[in-house]
Amino acid sequence: MMPKFIRYFFLIFLLFIIFFSFATDLPKAQKGGFFSDESSYFSILQSLAFDGDLEYTRADIVRIREIFWVGPMGVFIKKGQDGRLYYAKSFVYPLAIAPFFRLFGTHGILLANGLMIFFVLLMGFLLLRQHHNPVKSFTFTLIYLFASITFIYIWWITADLFNFFVNFTALFFFFYQFKKPAWNGLAGFFFALAIFSKPNNVLHIGILFLLLLYQKNWKKFTVMALICLLILCGLLYFNYIQTGALNYMAGERRSFYGNFPFERPDFKFSSGFPMSSDNYWNRYYLSPVIALLNLFYYVFGRFTGMIVYFPSALFLFLLFFFQKKKPDDWFLMAAISAAILFYVLVTPDNYFGGGGSLGNRYFFNVFPLFFFLGYRDRVFKFSLLPVFVAVVFLAPVYMDGMLHSATPRLPGTYFPTKLLPPEKTQFSTLPSNTNPRAFNRRIGNKYTLFFLNDNFNPLEGELFWSYADKELELFLLAPKAVKTFHVQLKNIPLANHVRFQVEHKIKKVFLAADSVREITFSHIPGLRINQRYLYHIKVKSQRSHCPYYANTHLLDQRWLGVQTHIELGY
C-alpha cells in the first residue's frame with residue numbers, strides 16, 4: 001500500500017509537469033535557437049509529426065524557422081542514393097515524442113520529457129518498495145534522481161533524457177517481480193529502443209542477457225531476445241524504406257550552420273561541412289596514460305566528472321562495496337564497467353558528448369545501472385551525502401537550468417567546481433570551447449591556445465591580457481615537447497604581484513608599474529596527445545586597471561590584469 005503523502009507527491013508532481021509544460025514557451029526561452037544536437041532531433045521530430053518521413057524538404061526548413069527562428073544550426077543531413085536529402089541521426093526519440101508534438105506543439109516536448117522523469121521516479125519507488133520500507137524507498141529514489149543534473153535535461157530536445165528513460169524502464173521490467181512474469185518481456189522492447197538510439201548500449205545490455213543465461217532462465221532470455229530483435233528489425237526496416245539504407249549515418253553526411261538546403265535556390269547541400277567517420281581509426285589515438293586520465297576525469301573532471309554532475313551515481317558505486325552482493329549485482333557492475341570503458345577507450349577524445357554538453361550527457365545511458373546495483377540489499381545510511389555534494393556543486397545550475405544549458409561551460413568556472421582538474425584529454429571538445437574567442441586560438445605556427453574560463457581580453461597578435469584580478473586558465477598545445485617556456489609579463493600602471501603557473505611549477509613575481517619582466521620554466525612534462533604536447537597554464541594578477549577610468553582621454557574600457565607573451569624553446 002502506497003502511503004498517502006507519497007500518492008499526493010506523485011499527483012502534485014504530475015500537475016507540476018503539466019502546468020510547467022503548457023505555461024512555458026520553449027522557443028522564446030531558448031531565444032529561437034538550439035542546444036547541442038537539438039537542431040537535428042527537432043528537425044526529425046517535426047518531419048515525422050507532419051510528414052511521417054525522414055526526408056529533408058523545403059517544407060521542413062520553413063516549419064523549423066517558423067518555430068525556432070534562428071534555424072537548425074548544426075543539423076545533420078545526408079544525401080541518399082536516390083539523390084534526395086535525409087536526416088542523419090537516430091529517429092527513435094523523435095518518433096516517440098512526435099504524437100506529443102503534433103498535438104501540443106513545443107509544449108508537448110516538455111510534457112513528454114517531464115513524463116519520462118515522472119515515470120522513472122514511480123518505477124524506482126515501486127522497485128525498491130518490493131524489498132524495503134516505502135518511505136525509505138521513496139526518499140532514496142528522489143535522492144537518486146535529483147542529486148544529479150537529470151532534471152535540467154527536461155529542457156533539452158535531445159535523446160539524452162530519452163536514453164536515460166528507456167534504459168531505466170528496461171531495467172525495471174527486467175528486475176521487477178510481476179505477478180504475471182510475461183510483463184518482464186517488455187524489457188526487450190525498451191532494450192531495443194536503447195540500442196537503436198545509442199548502439200554501444202548493446203554492451204551493457206548484452207551482459208544483462210548473459211545474466212539470464214547464467215541463471216538458466218531460458219524462457220525469459222528467449223522472450224526478451226525475440227522482442228528485442230523484432231523491434232530492432234522494425235526500426236531498421238523503417239529507416240531502410242525511408243532512406244534506402246539500414247544505417248542512419250550511412251552515405252554522404254554534412255552539417256549546416258546557415259544557408260540551409262532548399263531555403264533559397266542557391267543554398268545547396270554541397271555548401272555544408274563534410275562529416276565522415278571513414279578514417280576514424282586512422283585518427284584514433286590512445287595510450288595507457290590517456291586511458292588512466294580518462295578514468296580519473298570521468299569521476300573527478302571539472303566539466304564531466306560524476307562527482308559534480310552525478311554524485312548520486314558515485315555514492316551508489318561506493319556503497320556497493322559496503323553491502324551484501326548477489327550474482328545479479330556483479331553482472332550489473334560488469335555492465336557498468338563495460339559501458340564506461342567503451343567511452344573512455346574507444347572515444348578517448350570525447351567520452352562525454354562534446355562541447356555543447358552540460359556535464360557528461362553520454363552518462364545518461366549508464367546512470368540507470370547504478371540505481372539497480374545492489375538494490376535488494378540497499379543500505380540507506382548516509383543517503384543524504386550525495387544531496388550535500390549536489391548542493392555544493394549544482395546549486396547554481398538548478399537555480400538557472402536554461403542559462404547553464406545554453407552556456408554549459410559556466411559550472412566549470414564556479415567555485416568549488418573550478419578547483420577540480422580540467423580534462424586535458426578532452427581539450428578539443430570541452431564546453432569551454434563553446435566560446436568562439438576561447439577555442440583553438442592559433443599563435444602563428446608556434447602553438448595553439450584553449451582558454452578554460454572567460455578571464456581574458458581579446459588576443460592582440462601573440463599577446464593576451466588577463467581580465468582584471470581574476471585567474472585565467474588555459475591549455476597550450478605545442479607541436480612537440482617543450483624544453484623551456486619563456487614568458488614575458490607586462491604590467492599595468494600599478495605596482496603588482498603576479499602568479500604564473502605551468503603545470504606543477506609556480507612562480508610569483510613583483511612587477512613595478514608599467515614594467516616588463518621575463519620568467520622561464522624548464523623541464524615541464526606535458527601530456528602527449530597524438531604526437532603533440534598539452535600544457536596547463538594559470539595566470540593571476542593581484543591588481544587590476546581600467547584605462548578608461550584612469551585617464552579621461554582614453555577610450556579603452558577593458559579591465560586589465562597582466563599582459564602575457566609566451567615563447568617556446570624546443
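For the reader, a short list of remarks on this structure follows.
- Pairwise centroid distance, computed over Cα atoms, of segment 459-489 with segment 204-263, Å: 47
- Annotation: aspartates and glutamates with alpha-carbon distance below 13 angstrom to Lys483 (same-chain offsets under eight excluded): Glu567.
- Electrostatic dipole magnitude of segment 1-132 [Cβ: Lys, Arg +1; Asp, Glu -1; Cα centre; debye, to 20]: 300
- Relative intensity of segment 93-151 on a log10 scale, I(q)/I(0) at q = 0.18 Å⁻¹, equals -0.68, per a Debye sum over C-alpha point scatterers of equal strength in the absence of solvent.
- In terms of overall dimensions, the C-alpha atoms belonging to the chain reach 81, 64, 47 Å along their principal axes, ordered largest to smallest.
- Cβ-Cβ FRET estimate between Tyr214 and Tyr284, R0 fixed at 30 Å, reported to 0.05: 0.35
- Helix axis angle, 186-197 relative to the chain longest principal axis, alpha carbon, degrees: 30
- Listed residue pairs exceeding 25 Å between alpha carbons, taken from Lys424/Lys490; Lys446/Lys490; Lys136/Lys324; Lys324/Lys381; Lys220/Lys381: Lys424/Lys490; Lys220/Lys381
- Under the convention that each Lys and Arg Cβ holds +1 and each Asp and Glu Cβ holds -1, the size of the dipole of the chain around its Cα centre is about 1240 debye.
- Quarter the surface of the alpha carbon convex hull of segment 347-415 and you get the mean projected area, 6.1 square nanometres.
- Quarter of Cα convex hull surface for segment 41-96, i.e. mean projection, nm²: 3.8
- Rg over Rh [alpha-carbon atoms, Kirkwood Rh] for segment 296-365: 1.00
- His504 sits among other residues whose Cβ lies under 14 Å from its own Cβ, and their net charge, with Lys and Arg +1 and Asp and Glu -1, is +4.
- Trypsin sites (Lys or Arg not before Pro) within segment 94-185, DSSP loop, no more than 12 other Cβ atoms inside 10 Å: Lys179
- For segment 1-64, applying the loop criterion from DSSP together with a ceiling of 12 other beta carbons within 10 Å to the trypsin sites (Lys or Arg not before Pro) yields Lys31.
- Helical mean residue ellipticity (222 nm; -39500 (n - 2.57) per DSSP H run of 4+; nearest 500) of the chain: -13000 deg cm²/dmol
- Anisotropy class of segment 330-381 from Cα gyration tensor, a/c 1.5 cut: oblate
- Counted residue by residue at 0.36 nm each, then reduced by the alpha carbon distance between them, the extension gain from His486 to Arg528 reaches 13.1 nm.
- Two-site FRET efficiency, Met73 against Glu252, from Cβ-Cβ distance with R₀ of 22 Å, rounded to 0.05: 0.65
- Along the axis of the charge dipole computed for segment 435-569 (Cβ charges of +1 for Lys and Arg, -1 for Asp and Glu, origin at the Cα centre), the listed residues Pro493, Asn445, Asn530 are led at the positive end by Asn530.
- Only Lys, Arg, Asp and Glu carry charge here, each on its Cβ (+1 for the first two, -1 for the last two); on that basis segment 4-284 has a dipole of about 860 debye about its Cα centre.
- Between Leu11 and Asn435, the C-beta separation translates, for a Förster distance of 45 Å, into a calculated FRET efficiency of about 0.55.
- Taking one quarter of the surface of the C-alpha convex hull of segment 294-437 gives a mean projected area of 8.6 nm².
- Considering only Pro27, Val379, Val516, the residue lying farthest towards the positive end of the dipole of the chain is Val379, judged by Cα position with unit charges set on Cβ.
- Net charge of neighbours whose Cβ lies under 9 Å from the Cβ of Pro458, counting Lys and Arg as +1 and Asp and Glu as -1: +1
- For a straight C-alpha distance cut-off of 18 angstrom, the aspartates and glutamates reachable from Lys268 (same-chain residues fewer than eight places away being disregarded) are Glu55, Asp60, Asp82, Glu252.
- Under 17 Å from the Cα of Lys216 - aspartates and glutamates, other chains or at least 8 residues apart: Asp328, Asp329
- Here the scattering of segment 1-143 is modelled by Debye summation over its C-alpha atoms, one equal scatterer each and no solvent; at q = 0.12, 0.17, 0.19 Å⁻¹ the log10 of I(q)/I(0) is -0.60, -0.92, -1.04.
- Segment 4-284: translational diffusion in µm²/s, Stokes-Einstein, Kirkwood Rh over Cα pairs, 4 °C, 1.567 mPa s: 63
Just so you know, all these numbers are worked out from the coordinates, no wet-lab data involved. Source: prediction; values computed, not measured. We place every Cβ from the backbone using ideal geometry, glycine too, and count neighbours over all the protein chains shown.
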